[in-house]
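First up is the structure itself, then whatever we jot down about it.
The values are calculated or read from the model by the stated rules, or taken from the named source; none is laboratory data. Predicted, not measured: the structure shown is a model, and the values here were computed from it. In this analysis, Cβ positions are derived from the backbone assuming ideal geometry, glycine residues included, and neighbour counts consider all displayed protein chains.
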Protein chains: 4
Amino acid sequence: MISEFEKLERASVPALDEILGVPFKVLDDGFVRVVDYMGSDSSIVQAARVSYGKGTKKVREDEGLIRYLLRHHHTSPFEMCELKLHVRVPMDCWRQWIRHRMANVNEYSTRYSIAIDSAQKTKPEEWRLQATSNRQGSEGNLAVKQGELFTMREIELQSLARTVYNERIEAGIAREQARKDLPLSTYTEAYWKIDLHNLLHFLALRMEPHAQEEIRSYAATIGNEIVGRWCPIAWFAFQDYLFGGIELSKFEIELIAKLQAGDRNGARSLAETYGIVPPAGQDLKRNIERDEIEEKLRRFGIQPPWSEA
Amino acid sequence: MISEFEKLERASVPALDEILGVPFKVLDDGFVRVVDYMGSDSSIVQAARVSYGKGTKKVREDEGLIRYLLRHHHTSPFEMCELKLHVRVPMDCWRQWIRHRMANVNEYSTRYSIAIDSAQKTKPEEWRLQATSNRQGSEGNLAVKQGELFTMREIELQSLARTVYNERIEAGIAREQARKDLPLSTYTEAYWKIDLHNLLHFLALRMEPHAQEEIRSYAATIGNEIVGRWCPIAWFAFQDYLFGGIELSKFEIELIAKLQAGDRNGARSLAETYGIVPPAGQDLKRNIERDEIEEKLRRFGIQPPWSEA
Amino acid sequence: MISEFEKLERASVPALDEILGVPFKVLDDGFVRVVDYMGSDSSIVQAARVSYGKGTKKVREDEGLIRYLLRHHHTSPFEMCELKLHVRVPMDCWRQWIRHRMANVNEYSTRYSIAIDSAQKTKPEEWRLQATSNRQGSEGNLAVKQGELFTMREIELQSLARTVYNERIEAGIAREQARKDLPLSTYTEAYWKIDLHNLLHFLALRMEPHAQEEIRSYAATIGNEIVGRWCPIAWFAFQDYLFGGIELSKFEIELIAKLQAGDRNGARSLAETYGIVPPAGQDLKRNIERDEIEEKLRRFGIQPPWSEA
Amino acid sequence: MISEFEKLERASVPALDEILGVPFKVLDDGFVRVVDYMGSDSSIVQAARVSYGKGTKKVREDEGLIRYLLRHHHTSPFEMCELKLHVRVPMDCWRQWIRHRMANVNEYSTRYSIAIDSAQKTKPEEWRLQATSNRQGSEGNLAVKQGELFTMREIELQSLARTVYNERIEAGIAREQARKDLPLSTYTEAYWKIDLHNLLHFLALRMEPHAQEEIRSYAATIGNEIVGRWCPIAWFAFQDYLFGGIELSKFEIELIAKLQAGDRNGARSLAETYGIVPPAGQDLKRNIERDEIEEKLRRFGIQPPWSEA
């Protein structure tokens, strides 16, 4: 028998209980609030220990175990914790959010009810410029002066959209159809429930610098304000291993080893073999993977073997 | 050994091969086209037979087996067939579509590329009125005369939205932000891949009369034009059992049995017990479940025991 | 704003808190105990109401709403409740259990620890006979006298298996390999976490008379002892609609309507059209669907049009 | 319009067509054979390009794009390919296999049919010893002489188990119960269908040196013999990035940077801060994470700052 038959109390986390129901503001009119949760850091340990059975002595501290599980991607114990949020998000942002399929969702219905009368507004200083370094991001901001014009245009458009919506509703047009031309910036609300493993995966993708600023704000709030209170050990482990770490490819490992051994020529010809640099004598053309490798080497303070010393 | 070791050919369905890549038009500018598929009616049978092993003689025809599996919700053999579609859908409709989580999706990215320059337009005769009988549907249409005004307003709003979008793009505003006020009616495109079991579940929900007209059009096209060609036996079984059928509750079964036995008073007091009608002498108040029961009884030609004969 | 910003307390269910951690015995040495849970009947209502938004007045009682959601398969609000169990189950039974994919699992590892020293034993009176009416069930029992022999043989086999396992372990053979010939009757343990919607689906399949007796015992315990305490309104609705109900096909609806209208000949020829009975004059051959239809008609007290009155 | 409306042909892969249905032998009596598939390397590209829309010029080769997607964990395009296998596996191994939930399964039913008359046998030279370095693996082999005894005992046990099974069947005991004491080594068969993203995840976990030898044999066969033929570009990328690569934690990145900068003392005190080594002067106690770090540093040819030079 590995189980003890004592009566149990539910796992609870006082630090999270304290903020239950309290909204954390995000963007101009959005929020995130915890509605309910199940489990805690110690539930992760408890689930892992069932796998180890009675054979396991409690040699390691719980913290050590959680960190071990996380860095080895033993994900199932993290699925034993569950978080339920109430969120308010622009529909455009929600379109990205909902792509995470391993969650439970109840969204405010604009078939059933009048659409929420709020759309995300952009301040003159908040208009972002298209990134030049990558096709899908943003980089820097529009001059405030020019931003003022776009902010005014936005108000004009959003208010026409709302007026048209209201006209339709007043004429008796069905809500499910009246909403069809609302702007993507219109706020929606939802209950969103997810387990800790899938939540950390969501956060890893959405806190990442390439994620769009809007969803990044929500992810940062969920991570820092909520997960940090709820499962602080798992949260630190996440930052040390999953979020703060990097991956090295087979080539990168070999490259560093050669450089470490002082074999700069060997490193360079390895790079040729993998197609990262052209054969000696030819011009370097742009290569996305090479850029990525250089960025990693830079973090170690290593000079790429193909750049001039 | 239950397996025969002969070399296999891939299952293929000539009737579907014929329309591979051909778009079926839906709404004013949407479409659905088959990009690829795996399996056929006979793959359902093949998967079911692995469960039955060598012990099974082929007593029943394949058709009988497929119909048996479907009406008994033995769903796993239907998961062995897979369909990949390319669809073009208004974002508002896509918001409902994407709620089906058991599918694989690649959507056109308006972070990466300029938004598709097309929004769903409503003709003067297509404006639908809010249903009075239920809070979330539509019922009947606006007078065409009045519809003309709303169609003009729609054009005005959609074209302002596009103009503002274009102004932003031209000023160098990031695509991911420029799109924020596009109307929900803007078309998007996606590859959508799903197995037959989950597809039939999608169709059961989205072909249903209470589903919104827009997604109903897509569902009907997928069902009638595509599944009907791909797995015709499963498709007919779906219409006979899942889509064309009804469910009866424990109460409804007992009620019909009592009425059948001529025990009208017993039926009436059973209905009281279940809270479907108030105790004799009190007024009937509106009760949604009673409405539903009456509708079912009507299909059998049975008079409810609480209505005057 | 549809949300009220008051601080919340976690939903809790005193009736379930009372049995938290307490094992319910199943089979000869198995159990089920609740380790944790999230939500209650009122969480279902809360999630549904977010969809309806502020537009909804609380006209219906919570009970009415839950019953409405359940019988209309509006499943997402039921996903908002989550249950975590600790179970002890023979591996053979666990093989069926684990086929339900929408759950979170941590199982006792016999790679990591010595296998649990317990295997499910069969009493002389518990040996079941192969069903003759269907290929996969059981029906009736072996005579006790004969059962005694099989029980003794079982003990002999199980104890040889354990002896061999122990010999391997003592010789230093790896646990992951030593276990390879343990009988399927060996008990395993697991934490198993699932949301209420998926749990009800599990129960509908596994409480059903055709499910194997062993898993049926677990399902009945989970349903009656646990779900009944946890979400009693949902549990009653489940019994009235999902579990206690039946489905009628398009054909069955039409058939009943014709019989109800007194058109016995029309009913009979409808049955011919659907291939349920052969053309008049030919002999009835066995037909599984016809058997199923007759069983349904019997529940209503309706005589099939193809049987002699 | 991003779509071209030409008629399509199904993606096919001649190298895979050639082996369709042909079993690859695994273990003493197991196999893996491809029954069907959907998609190819080019389907991954096609799905990714829908996201990029018309804005994308085909600057990169398909190979570059697939490798980019894989190393950046843009997983959704890999979900567009689907593989259906027929496998024959000992139940003990299947217990691990089935834990991968994102797959479709139809397994041979021993309720419905007589259990397959084959159990995995262990040759005298195949008995593995329990690992001393980790609690769940194996390491080295038992002496063949001693192995002979265990092989004989295995035969004795497996044949008693089969005899008992047959006796039960002959006495009319239900198949679902007769099977209860079959050894875990008994072979089962199944159809198993999975998309390429989830398959690569399965392979990453199950080809890994810590995975149990039996499932590792199946994974290696599926990877090398099947995926290598089916989607060769994705397969090479998998080996370069996912399977052949490593992850570095935040600490490990900082540690390497310090060592690279020649700051051996700084590196050592960083390790103290992170709890990897005890404060100077204290004895090193065993620390699993430190062992892991040393192993990574060794691959780069870097001496840990806490070991004597």
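Tabulated results
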{"read-out": "Conditions (1) more than 10 Å from every other protein chain (Cβ to nearest Cβ); (2) polar (S, T, N, Q); (3) free of Cβ contacts under 8 Å to residues at least 40 places away in the same chain: number failed by C:Gln239", "value": "(1)"}
{"read-out": "Residue match in segment D:172-180 (condition: β-branched (Val, Ile, Thr), surrounded by fewer than 18 Cβ atoms within 10 Å (Cβ to Cβ) and over 18 Å from D:Gly30 (Cβ atoms))", "value": "no"}
{"read-out": "Residue tally, condition within 7 Å of chain C (Cβ to nearest Cβ) and aliphatic (A, V, I, L, M), over segment D:152-187", "value": "9"}
{"read-out": "Selection from segment D:96-127 of residues that are more than 7 Å from every other protein chain (Cβ to nearest Cβ), part of a loop (DSSP other than H, G, I, E, B) and of a type in the set (S, T, N, Q)", "value": "D:Thr110, D:Ser118, D:Thr122"}
{"read-out": "Selection status of B:Thr151, touching a residue at least 12 places away in the same chain (Cβ under 8 Å) and either within 19 Å of B:Asp181 (Cβ to Cβ) or out of contact with any strand residue (DSSP E or B) (no Cβ under 9 Å at 6 or more places or on another chain) (or both)", "value": "yes"}
{"read-out": "Residue match in segment C:182-196 (condition: farther than 30 Å from D:Gln136 by Cα and crowded, with 22+ Cβ neighbours inside 10 Å)", "value": "yes"}
{"read-out": "Flag if B:Leu248 is buried (at least 17 other Cβ atoms within 10 Å of the Cβ) and touching a Gly at 6+ places or on another chain (Cβ under 6 Å)", "value": "yes"}
{"read-out": "Residues within segment B:23-40 that are within 25 Å of B:Phe78 (Cβ to Cβ), out of contact with any Ser or Thr (no Cβ under 8 Å at 6 or more places or on another chain) and surrounded by fewer than 22 Cβ atoms within 10 Å (Cβ to Cβ), tallied", "value": "0"}
{"read-out": "In segment B:128-151, the residues that are at pLDDT 95 or above, at the interface with chain A (Cβ under 7 Å from one of its Cβ atoms) and part of a loop (DSSP other than H, G, I, E, B)", "value": "B:Leu142"}
{"read-out": "Residue check for A:Ala234: crowded, with 16+ Cβ neighbours inside 10 Å and assigned to a helix (DSSP H, G or I)", "value": "yes"}
{"read-out": "Of all residues making up segment B:276-294, the number that are out of contact with any helix residue (DSSP H, G or I) (no Cβ under 7 Å at 6 or more places or on another chain) and away from chain C (no Cβ under 12 Å)", "value": "7"}
{"read-out": "Some residue of segment A:199-215 being farther than 25 Å from A:Ser138 by Cα and buried (at least 16 other Cβ atoms within 10 Å of the Cβ)", "value": "yes"}
{"read-out": "Residue satisfying all of: in segment C:46-68; under 19 Å from A:Glu189 (Cβ atoms) and either at pLDDT 95 or above or not in a helix (DSSP H, G or I) (or both); farthest from the other protein chains (Cβ to nearest Cβ) among these", "value": "C:Lys58"}
{"read-out": "Restricting segment C:246-275 to residues that are within 7 Å of chain B (Cβ to nearest Cβ) and touching a residue at least 12 places away in the same chain (Cβ under 8 Å), the residue that is farthest from the chain's Cα centre (by Cα)", "value": "C:Ile256"}
{"read-out": "Residue identified as surrounded by 15 or more Cβ atoms within 10 Å (Cβ to Cβ), free of Cβ contacts under 8 Å to residues at least 60 places away in the same chain and either in contact with a Gly (Cβ under 7 Å, 6 or more places away or on another chain) or not aromatic (Phe, Trp, Tyr) (or both) among D:Gly223, D:Gly301", "value": "D:Gly223"}
{"read-out": "Residue under evaluation B:Arg111, criteria (1) under 22 Å from the mean Cα position of the chain (by Cα); (2) of a type in the set (Lys, Arg); (3) in the same structural domain as B:Phe202 (by TED's automatic domain parsing), criterion not met", "value": "(1)"}
{"read-out": "Selected residue (criterion: surrounded by the most Cβ atoms within 10 Å (Cβ to Cβ)) from residues of segment B:92-150 that are among the hydroxyl-bearing types (Ser, Thr, Tyr) and under 21 Å from B:Leu160 (Cβ atoms)", "value": "B:Thr110"}
{"read-out": "All positions within segment B:175-211 that are over 30 Å from A:Asn134 (Cα atoms) and among the charged types (D, E, K, R)", "value": "B:Asp195, B:Arg206, B:Glu208"}
{"read-out": "Set C:Arg216, C:Arg229: member being free of Cβ contacts under 8 Å to residues at least 40 places away in the same chain and in the same structural domain as C:His72 (by TED's automatic domain parsing)", "value": "C:Arg216"}
{"read-out": "Unique match (being out of contact with any helix residue (DSSP H, G or I) (no Cβ under 7 Å at 6 or more places or on another chain) and without any contact (Cβ under 8 Å) to a residue 60 or more places away in the chain) among D:Ser43, D:Ser51", "value": "D:Ser51"}
{"read-out": "Residue selected from segment A:4-44 under the condition part of a strand (DSSP E or B) and under 18 Å from A:Glu82 (Cα atoms), by the criterion farthest from the other protein chains (Cβ to nearest Cβ)", "value": "A:Val32"}
